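Visitor: Structure provided below as structure tokens; questions to follow.
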Amino acid sequence: MLKGKVAVVTGSTSGIGLAIARALAGAGAGVMLNGFGDAADIEAERKRIETEFGVAALYSPADMSKADEIAAMIATAENELGAVDILVNNAGIQFVSPIEEFPLEKWNQILAINLSAAFHAIRAAVPGMKARKWGRIINTASAHALVASPFKSAYVAAKHGIAGLTKTAALETAAHGITVNAICPGYVWTPLVEKQIPDTMAARGLTRDEVIKTVLLAAQPTKEFVTVEEVAALALYLAGDMARSITGAVISIDGGWTAA
Ligand code: NAD
């Protein structure tokens, strides 16, 4: 389905991004992995993708908080893999704190990685997509692109921003065979969710079990975590030709959370 296409997936050394990269590679796309982590683990995953799916896989260590490194990552993918046909802006971090105590550097970091990085990558990738008259841009937003939760001011602001960026980029590229969409997962069981449990316990004075049941899954009517494979399947659909008329959409995959 995606044979001959090339995908760049930011934040794909873990969680949702890794599942999306594997799904796109499984459909035949060459992939550029990106993100932090243990170098040997990343190299093992890169090789596994090449051998399991028979596609080219590269790894970029670009820091998504740095505009020049993002532009260089897109240029490397174009030069070494031949193009960037599919761009998945997925890298993201979280920090949980009451707004009056929210550290300034955390606000700046979250806005840079969760919002500005997508702008920089789209800006760098769109000229090539326009030249080839085909492109797919998929932004991993969140249910927090649509609704808020307390203690997540930077994250919610950045994710609402991603929804606006998605719609704007979609309008600008619609006549060029390019679609731009945002996926809005509810709670997906990944290291990002795991890591926020201690801070939420402290911020709300709850036990681990109480955080999972009364905070994380409280708003998710299915009372189950979304899986990374389900999110990846939606991204794969959006990357395909049958999704060419879906653009500017902010699509929920949240077990009913934002229906309430
Ligand atoms: P994760 O922590 O498993 O993965 C995050 C990825 O981003 C990792 O590969 C990490 O190395 C990378 N990353 C972080 N900072 C980076 C930087 N400065 N430069 C490059 N890469 C960087 O988290 P996840 O849950 O898979 O999250 C992926 C995306 O999904 C994020 O945008 C997150 O906001 C969003 N999301 C997650 C959930 C959830 O419940 N897990 C729900 C909705 C949206």
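The values are calculated or read from the model by the stated rules, or taken from the named source; none is laboratory data. Worth saying up front: this structure is predicted, and the values here are computed from it rather than measured. Note that we place each Cβ from the backbone using ideal geometry, even for glycine, and neighbour counts take in every protein chain shown.
Visitor: Inside region 190-224, can you point out the residues that are farther than 20 Å from PHE102 by Cα and touching a residue at least 40 places away in the same chain (Cβ under 8 Å)?
Guide: THR190, PRO191, ALA219
Visitor: Confirm whether ALA203 is out of contact with any helix residue (DSSP H, G or I) (no Cβ under 6 Å at 6 or more places or on another chain) and buried (at least 17 other Cβ atoms within 10 Å of the Cβ).
Guide: yes
Visitor: Now for a separate question. Out of ALA158, ALA154, ALA145, report the one residue that is within 10 Å of the ligand (Cβ to nearest atom), touching a helix residue (DSSP H, G or I) at 6+ places or on another chain (Cβ under 6 Å) and over 21 Å from ALA71 (Cβ atoms).
Guide: It is ALA145.
Visitor: Another question, then. Within region 171-191, take every residue that is modelled with pLDDT of 95 or more and not in a strand (DSSP E or B) and give me the one that is nearest to the ligand (Cβ to nearest atom).
Guide: If we take residues in region 171-191 being modelled with pLDDT of 95 or more and not in a strand (DSSP E or B), then GLY186 is nearest to the ligand (Cβ to nearest atom).
Visitor: From (1) within 11 Å of the ligand (Cβ to nearest atom); (2) touching a His at 6+ places or on another chain (Cβ under 9 Å), pick out the condition that doesn't hold for GLY11.
Guide: Here GLY11 clears every test but (2).
Rundown of residues vs (1) farther than 28 Å from CYS184 by Cβ; (2) under 20 Å from the mean Cα position of the chain (by Cα); (3) touching a residue at least 12 places away in the same chain (Cβ under 8 Å), yes/no style:
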| site | (1), (2), (3) |
| --- | --- |
| ALA39 | yes, no, no |
| ARG46 | yes, yes, yes |
| ILE70 | no, yes, yes |
| GLU80 | yes, no, yes |
| VAL84 | no, yes, yes |
| ILE99 | no, no, yes |
| GLU105 | no, no, no |
| ASN108 | no, yes, no |
| SER116 | no, yes, yes |
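Visitor: Right, next: GLN94 fails exactly one of the following numbered conditions: (1) in contact with a Phe, Trp or Tyr (Cβ under 9 Å, 6 or more places away or on another chain); (2) buried (at least 21 other Cβ atoms within 10 Å of the Cβ); (3) of a type in the set (S, T, N, Q). What is the number of that condition?
Guide: Condition (2) is where GLN94 drops out.
Visitor: Within region 127-149, which residues are surrounded by fewer than 19 Cβ atoms within 10 Å (Cβ to Cβ), at pLDDT 95 or above and not hydrophobic (A, V, I, L, M, F, W, C)?
Guide: PRO127, LYS130, ARG132, LYS133 - these are the residues of region 127-149 that are surrounded by fewer than 19 Cβ atoms within 10 Å (Cβ to Cβ), at pLDDT 95 or above and not hydrophobic (A, V, I, L, M, F, W, C).
Visitor: Another question, then. With (1) buried (at least 16 other Cβ atoms within 10 Å of the Cβ); (2) free of Cβ contacts under 8 Å to residues at least 24 places away in the same chain; (3) over 21 Å from the mean Cα position of the chain (by Cα) as the list, and PHE53 as the residue in question, which single condition is left unmet?
Guide: For PHE53, the failing item is (2).
Visitor: Something else: Give me the residue from region 213-227 that is closer than 20 Å to PRO150 by Cβ and crowded, with 17+ Cβ neighbours inside 10 Å and, out of that set, nearest to the ligand (Cβ to nearest atom).
Guide: Filtering region 213-227 for residues that are closer than 20 Å to PRO150 by Cβ and crowded, with 17+ Cβ neighbours inside 10 Å, the one nearest to the ligand (Cβ to nearest atom) comes out as LEU216.
Visitor: Here is a further query. Conditions: (1) buried (at least 20 other Cβ atoms within 10 Å of the Cβ); (2) on the phi > 0 side of the Ramachandran plot. GLY177 meets all but one. Number of the miss?
Guide: Going through the list (1) buried (at least 20 other Cβ atoms within 10 Å of the Cβ); (2) on the phi > 0 side of the Ramachandran plot, GLY177 breaks only (1).
Visitor: Would you please name the residue that is farthest from VAL9 (Cα to Cα), looking only at residues in region 139-159 that are more than 14 Å from the chain's Cα centre (by Cα) and either among the acidic types (Asp, Glu) or not in a loop (DSSP other than H, G, I, E, B) (or both)?
Guide: So the residue we want is SER153.
Visitor: Answer with yes or no whether THR247 is buried (at least 19 other Cβ atoms within 10 Å of the Cβ), in contact with a strand residue (DSSP E or B) (Cβ under 6 Å, 6 or more places away or on another chain) and over 21 Å from GLY15 (Cβ atoms).
Guide: Criteria met by THR247.
Visitor: Keeping to region 64-83, report how many residues are farther than 20 Å from LYS5 by Cβ and surrounded by fewer than 18 Cβ atoms within 10 Å (Cβ to Cβ).
Guide: Residues flagged as farther than 20 Å from LYS5 by Cβ and surrounded by fewer than 18 Cβ atoms within 10 Å (Cβ to Cβ) within region 64-83 amount to 6.
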